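The values are calculated or read from the model by the stated rules, or taken from the named source; none is laboratory data. In this text the structure is predicted, and so the values were computed from the model without any measurement. Positions of Cβ are backbone-derived with ideal geometry, glycine not excepted, and every protein chain shown enters the neighbour counts. Note: areas computed on protein heavy atoms with side chains; ligands, DNA, RNA excluded. Shrake-Rupley method; radii C 1.70, N 1.55, O 1.52, S 1.80 Å.
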Amino acid sequence: MKEVTDLFLREETLNKFLISHELLNRKLIDVLSFDAHLFEKLSFTNSIEFVEFAKKLVSYFVIDHKYFSINHLPKTCEYLVKLSQINQKDKVLVALVEKLTALALSSSSLPTTPSLPSTPSLPSSVVINQQAQLQQLQQQQLQQLQQQQAALMAAGVQGANAGGNGNGPANNNSSNSNNNNGAGLPFDAINWGDLNIDQHTEENSSTILNLWYTLSSGNVSNSLQLMHDFQSQLRSFFGKDVPAAFFAHATRLAVSKYFERVAVDPKLPSRYSTIEQLAKMIGFIVNQGDVAASSAGSLTTLGENEVDKHKIQQLRNALFGIVSVIFLDHDQRAGDFNQRPYHRLFVQLFTELLYDRKTTDHDWQVLLLIAKTLLTLSPLKVPAFAFAWLELASHRLFMPKLLSWSKDSDGQTFYHLILVQLLKFLEPYLRNSELIEPIKLLYMGTLRVLLVLLHDFSDFLCDFHFAFCDVIPISCIQMRNLILSAFPRNMRLPDPFTPNLKVDVLPEIKETPNIRIDITAALKPIHTDLDLFLHNRIQIIPDLLQRLLLPPAEALAAGTRYNVSLINALVLYTG
């Protein structure tokens, strides 16, 4: 069935419709299986051609001729409804969804073709409130996507080899930390206007880049003079701070050069040379933070803190420029997005900024800034970057240093947010068992990261186990058990084969576990009434069961009627 569907879905839009019309009319294919495969194509490609085909199909078979009911094409209809909330400029799509809603409201049980199996109807409350509630549910997603100028539908991974196909549904429920140590994402409100440069600035940037590439080639005899010229040009053109627009322009040029070389020979050894030179230039600018404060002849004396602040600002500008290019490239190339050059750029930056150095407060700020950058580039926002993102998040120069920083626990807080973003991205696939090949690879990579954490940072999994299990589907027993099997490093587990072992009399059972999650935030809808009940033990919370349910639109998106986070928090809070 899947092979037949895939075969004719490769045709042009008109041919798709004609072939599907014949096959469905003659009952040669099962309509529910056809709906499932069409939904997979819509979700995993985000192709305008498939959207137009789906609109034409639903309009003809469901609305105009009523050959089928909404129940026969439930996934396709649901996709079009959600798409209309995101792309309200498509008047044809909006009108089609309005007709679907009116059709659903006109009869709770639409006529079905006798030979086709019927499926359970959606609850009428979902149909009645779907437009208003889905719009409210997706309002935050729309705002983020508009700010990032990346009009992306919730999408899946774009290929197991950094450029293949494969997208899927993803809910954009990103987590932001609100502690006082700058936990907010650095690029969550990107102002794209800051990255526009005029022709004069572009020419100056190209001059500086050519000078650096000549210097870093290693084939020049007067390297000291060229280094001095490079620093002078930076000060002359940009003054104290090198702007993000320069780094964005440099990233575009380096990536373009990469694609030119790959087009000639995909395995050309020097295909990454401009990427690596760009990373070395950024490392030089960041590590030589006093250059901008220097004059032509001598360095201005600055305090160590001022120099470190300037270095961090330079790195922030550089990462801002790189992130902006990734977002724009991801938006423009869509299914052809290639994550390899950006992955290589970040790996080289890790080497330049973090390799073989004594850990200082400055390094801690660098780690935090990289962590914030990874949160900004999470798979929920840039799905085609997911494989490179996971490798960067678990890199040996980043993850161990961030988790083992002794002066502050914010490193573990940030890394817990990174893992939560990954698990939220995987959740719809794991919940629906839609483990296509790219998702399988990403899932296996996630398990390997968790195994490393279990072995080397078990305390981290213990402290944040509640947050992780909150976003892992109940069906993922292996992943949940892996996290829940963690125990503190200073605790010695008893031998389970000890005769007459009684767990309830062990001294460790009396120790309160360390949970670094504020569960009262999840309990907000019932917190006051719950405390009152636990104090008086007189009257149970009124309508408790009803208050543990999600609104219809959120239930549709989450795939369950129940507010899992609230129920988990309630169980943990009451003990």
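The residues in the range 367-426 that are over 23 Å from Thr351 (Cβ atoms) and of a type in the set (A, V, I, L, M, F, W, C) can be counted, and the count is 9. The number of residues in the range 415-467 being open to solvent by 30 Å² or more (accessible area, probe 1.4 Å) and touching a Lys or Arg at 6+ places or on another chain (Cβ under 8 Å) comes to 1. Scanning the range 347-369 for residues that are open to solvent by 10 Å² or more (accessible area, probe 1.4 Å) and closer than 30 Å to Glu437 by Cβ gives Val347, Gln348. Counted as qualifying within the range 455-549 are the helices (runs of 4 or more DSSP H) with 2 or more residues that are within 24 Å of the chain's Cα centre (by Cα) and not charged (D, E, K, R), namely 458-471, 477-484, 519-522. Filtering the range 505-527 to residues that are hydrophobic (A, V, I, L, M, F, W, C), open to solvent by 90 Å² or more (accessible area, probe 1.4 Å) and modelled with pLDDT of 80 or more leaves only Val505. Please determine whether any residue of the range 490-502 is in contact with a helix residue (DSSP H, G or I) (Cβ under 7 Å, 6 or more places away or on another chain) and either open to solvent by 80 Å² or more (accessible area, probe 1.4 Å) or within 26 Å of Asn563 (Cβ to Cβ) (or both). For the range 490-502, residues in contact with a helix residue (DSSP H, G or I) (Cβ under 7 Å, 6 or more places away or on another chain) and either open to solvent by 80 Å² or more (accessible area, probe 1.4 Å) or within 26 Å of Asn563 (Cβ to Cβ) (or both): absent. Filtering the range 479-489 to residues that are surrounded by 10 or more Cβ atoms within 10 Å (Cβ to Cβ) and of a type in the set (S, T, N, Q) leaves only Ser485.
Test Lys424 against the criterion of being without any contact (Cβ under 8 Å) to a residue 12 or more places away in the chain and assigned to a helix (DSSP H, G or I), and give yes or no. So Lys424 fails the test. Only one of the numbered conditions (1) crowded, with 22+ Cβ neighbours inside 10 Å; (2) touching a helix residue (DSSP H, G or I) at 6+ places or on another chain (Cβ under 6 Å) is not met by Gln412, and that is (1).
Looking across Lys280, Lys240, one residue alone is assigned to a loop (DSSP other than H, G, I, E, B) and either more than 23 Å from Asp363 (Cα to Cα) or touching a residue at least 24 places away in the same chain (Cβ under 8 Å) (or both). It is Lys240. Scanning the range 446-463 for residues that are farther than 22 Å from Ser378 by Cα and of a type in the set (S, T, N, Q) returns a single hit, Ser458.
Would the range 66-86 turn up any residue that is part of a loop (DSSP other than H, G, I, E, B), polar (S, T, N, Q) and either modelled with pLDDT of 80 or more or in contact with a Cys (Cβ under 8 Å, 6 or more places away or on another chain) (or both)? Yes, the range 66-86 contains at least one residue that is part of a loop (DSSP other than H, G, I, E, B), polar (S, T, N, Q) and either modelled with pLDDT of 80 or more or in contact with a Cys (Cβ under 8 Å, 6 or more places away or on another chain) (or both). When Phe320, Phe337, Phe346 are checked against the criterion of being more than 26 Å from Phe238 (Cβ to Cβ) and at pLDDT 80 or above, Phe337 stands alone in meeting it.
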